[in-house]
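The values are calculated or read from the model by the stated rules, or taken from the named source; none is laboratory data. This structure is a prediction, so every number in the text was calculated from the model and none was measured. Because the Cβ atoms are built from the backbone with ideal geometry, glycine has one as well, and the counts that use them run over all protein chains shown. Surface areas here come from the heavy atoms of the whole protein model, side chains and all, with no ligands, DNA or RNA. Shrake-Rupley method; radii C 1.70, N 1.55, O 1.52, S 1.80 Å.
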Amino acid sequence: MAENEQITVENTASENTAPKGKKNFSSKVKGERKERAPKKEASEFDKRVVSVRRVTKVVKGGRTLRFSALVVVGDGKGRVGLGIGKSKDVSSAIEKATTIAKRNVKVVPIVNGTIPHENIGKFSATKILLLPAKEGTGVIAGGSARAVIELAGIKNIVTKTHGSSNKINCVKATMAGLLSLKTKEEIARRRGKSVEEI
């Protein structure tokens, strides 16, 4: 009987002391938890990945392969930005592009869910015609231009792309067209007149 008691005492002692170099998990108090990393705050911007391309750079030892991502961010209330990021893997390229896009956010004038007047945006070999549309028309635009327009918060617009259909050029031409728009109030202020006089 005494022998049995000695054996149980030895077993409990060996359980409490873990061998050297190994963690002793039995000493943890029940209900104790590790502190988790704080969750990332919900961003005020929505993001859309327009394109991800595989690009190569020829160097002395051969070719280095990378990924280039084009991302557009916007809040749907007239603020929109674009960014291009490069990295060895897709996820970090998108992350870089998103950071750059958030840094380059610009304000676009919107009047009653559409643009104030017609305009042409130009970038490199791409031209995009932007036309205001009445309520219920929706967004009539190509894939890359649509991303910019929807994230800017424009609900009714008609667009037509001319020239190069390169996605980067299309997005930059759309941005150029939207940023060169002016409202009646801005034009009146510039001329030093009232809106009624114009």
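Overview of results
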| read-out | value |
| --- | --- |
| Separation in nanometres of the label points that stand 7 Å from Cα toward Cβ, at V111 and V52 | 4.1 nm |
| Global size of the range 54-198 as Cα Rg and Dmax, reported in angstrom | 17.8, 68 |
| Karplus (6.51, -1.76, 1.60) ³J(HN,Hα), θ = phi - 60°, over the range 145-156, in Hz, Gly and Pro reported as x | 5, 4, 4, 5, 5, 5, 6, 6, x, 7, 9, 10 |
| Cβ crowding within 10 Å averaged over residues, with 137-145, 76-84, 103-111, 184-192 ranked highest first | 76-84, 137-145, 103-111, 184-192 |
| Contact order relative to length of the range 106-148, as percent, for alpha carbon pairs under 8 angstrom and 6 or more apart | 27 percent |
| For peptides 123-134, 46-57, sequence by mean Cβ density within 10 Å, most packed first | 123-134, 46-57 |
| Lys pairs under 27 Å by Cα in the range 159-198, provided they are eight or more residues apart or on distinct chains | 8 |
| Per residue accessible area in Å² of the range 93-156, where ligands, DNA and RNA are left out and the probe is 1.4 Å | 52 Å² |
| Value of Rg/Rh across the range 92-164 [Cα atoms, Kirkwood radius] | 1.01 |
| J(HN,Hα) series, the range 81-89, from Karplus relation 6.51 cos²θ - 1.76 cosθ + 1.60, nearest Hz, glycine and proline x | x, 10, x, 10, x, 10, 7, 6, 10 |
